[in-house]
Amino acid sequence: MATSPESEHPIKAYGYAARDPSGSLSPLVFSRRATEEKDVRFKVLYCGICHTDLHLAKNDWGITKYPITPGHEIVGVVTEVGSKVEKFKVGDKVGVGYLVGSCRSCKNCASDYEQYCPKQVATGGFTYFDGTQTYGGYSDHMVSDEHFVLHWPENLPLDSGAPLLCAGITTYSPLRYFGLDKPGTKVGVVGLGGLGHIAVKMAKAFGAEVTVFSTSMAKKQEAIEGLKADHFINSRDEDQMKAAMGTLDGIIDTVSANHPILPLLGTLATHGKLVLLGIPPKPLDLAAFSLIMGRKTVAGSNIGGLKETQEMLDFAAKHGITADVEVIPIDYVNTAMERLLKSDVRYRFVIDVGNSLKAE
Ligand SMILES: [Zn+2]
Ligand SMILES: [Zn+2]
């Protein structure tokens, strides 16, 4: 029976992994399965750093199995395909996001909502159907069932496009599902980080009138001039919040820290929806009255299914949407994680895996 990351599978792989809750990443030799019938194998070129990578590396959620190789915003070029692969060929540019597996038969999977499949397998640090660990994109190559592989649009940059595979779909999906994708819709975006800045770009591409909420006045210029948001509200300023009462059709709330949601509900118009994407540690402080008056909804949303992720990539390519990124070599990853913890990045780190990760 296989017992170590190096010997579970026949194909040697090389990456960076965290080995304990310090979250410090260092080189790891591990293994990946041989290319099976439906598998696509690809050389990793770029991989975005999502805040989830940091949580998993440090075992913040108590679910991490070490060693963990994070990374689920992975872009690369196909090097091998299995005998029954239909959608990809060697040389294709491809992406893999947060999922590499789901049951493919439950009601969620049948409706292209793999992200809600109870048997879903996430890309880095989780258990695959064969009992072995999954390893993410901070590594030289990936192998995945073709169902979980995305076609990379020709005119979408590989580096600044990579974060779309998580941050992009996480914001695109709720805008679509909750009907906030119509021209003229008034959409609020709370928090201007990795998710928030893409939410603004997506909503603008749909033709929405976008209001950014932030507690940092320093973000105003970036929101208005950089991201072309229409309005900026300092959410700590009661007068500004009051002036926005009852105006928004929906709000995409990307903040993971504890924060009051009642003032945000106040800015929603009748039938407005507040969609939560962040996971604050404490339960929400929510008064029923604030929902009843105006038949408002508080909802949540998690990434998106594979079909919708492909649709999102094609939409992003068409509208020229990419993330604002700082491209780094892999040996900078620990510094990047420290900076991410302090929100010291505008707005996403992307690792140049192809040029900087070399097997030792
Ligand atoms: Zn992510
Ligand atoms: Zn399923």
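Can you tell which of Tyr128, Tyr138 is surrounded by fewer than 20 Cβ atoms within 10 Å (Cβ to Cβ), hydroxyl-bearing (Ser, Thr, Tyr) and either within 16 Å of ligand 1 (Cβ to nearest atom) or in contact (Cβ under 8 Å) with a residue 24 or more places away in the chain (or both)?
Tyr128
Which residue, of Ser173, Ser111, is away from ligand 1 (no atom under 15 Å from the Cβ) and of a type in the set (Ser, Thr, Tyr)?
Exactly one residue qualifies, and that residue is Ser111.
Can you tell me which residues in the stretch 282-304 are part of a strand (DSSP E or B) and under 23 Å from the mean Cα position of the chain (by Cα)?
Result: Val298, Ala299, Gly300.
Based on this model, can you work out whether Ile68 counts as of a type in the set (Val, Ile, Thr), within 12 Å of ligand 1 (Cβ to nearest atom) and within 30 Å of Lys358 (Cβ to Cβ)?
Considered against the rule, which asks whether it is of a type in the set (Val, Ile, Thr), within 12 Å of ligand 1 (Cβ to nearest atom) and within 30 Å of Lys358 (Cβ to Cβ), Ile68 comes out as no.
Name the residues in the stretch 210-243 that are within 16 Å of Gly266 (Cβ to Cβ) and of a type in the set (D, E, K, R), would you?
Arg236, Asp237, Glu238, Asp239, Lys242
Do the conditions hold for Lys307, that is, is it surrounded by fewer than 20 Cβ atoms within 10 Å (Cβ to Cβ) and over 21 Å from the mean Cα position of the chain (by Cα)?
Considered against the rule, which asks whether it is surrounded by fewer than 20 Cβ atoms within 10 Å (Cβ to Cβ) and over 21 Å from the mean Cα position of the chain (by Cα), Lys307 comes out as no.
Checking the condition of a type in the set (D, E, K, R), in the same structural domain as Glu86 (by TED's automatic domain parsing) and surrounded by fewer than 24 Cβ atoms within 10 Å (Cβ to Cβ), which residue from Lys204, Lys107 passes?
Testing whether each residue is of a type in the set (D, E, K, R), in the same structural domain as Glu86 (by TED's automatic domain parsing) and surrounded by fewer than 24 Cβ atoms within 10 Å (Cβ to Cβ) leaves just Lys107.
Mind listing whichever residues of the stretch 141-175 are within 16 Å of Thr79 (Cα to Cα), in contact with a Phe, Trp or Tyr (Cβ under 7 Å, 6 or more places away or on another chain) and of a type outside the set (Val, Ile, Thr)?
His141, Met142, Glu146
Does Glu209 meet the test of being modelled with pLDDT under 95, surrounded by fewer than 22 Cβ atoms within 10 Å (Cβ to Cβ) and of a type in the set (Asp, Glu)?
So Glu209 does not fit the description; no.
Condition check ((1) over 30 Å from Ala13 (Cα atoms); (2) aromatic (Phe, Trp, Tyr); (3) in the same structural domain as Asp112 (by TED's automatic domain parsing); (4) touching a residue at least 12 places away in the same chain (Cβ under 8 Å)) across all residues:
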| site | (1), (2), (3), (4) |
| --- | --- |
| Leu265 | yes, no, no, yes |
| Leu277 | yes, no, no, yes |
| Leu306 | no, no, no, yes |
| Pro329 | no, no, yes, yes |
| Val333 | no, no, yes, yes |
| Tyr347 | no, yes, yes, yes |
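Would you confirm whether any residue within the stretch 134-147 is modelled with pLDDT of 95 or more, in a loop (DSSP other than H, G, I, E, B) and either at positive phi or of a type in the set (Val, Ile, Thr) (or both)?
yes
Restricting the search to the stretch 80-125, which residues are more than 16 Å from ligand 2 (Cβ to nearest atom), touching a residue at least 40 places away in the same chain (Cβ under 8 Å), part of a loop (DSSP other than H, G, I, E, B) and more than 25 Å from Leu56 (Cα to Cα)?
Correct list: Gly82, Ser83, Lys84, Val85, Glu86, Lys87, Phe88, Asp92.
Filter the stretch 253-268 down to residues that are surrounded by 15 or more Cβ atoms within 10 Å (Cβ to Cβ) and not in a helix (DSSP H, G or I) and give me whichever is farthest from ligand 2 (Cβ to nearest atom).
Thr267
The values are calculated or read from the model by the stated rules, or taken from the named source; none is laboratory data. Predicted, not measured: the structure shown is a model, and the values here were computed from it. We place every Cβ from the backbone using ideal geometry, glycine too, and count neighbours over all the protein chains shown.
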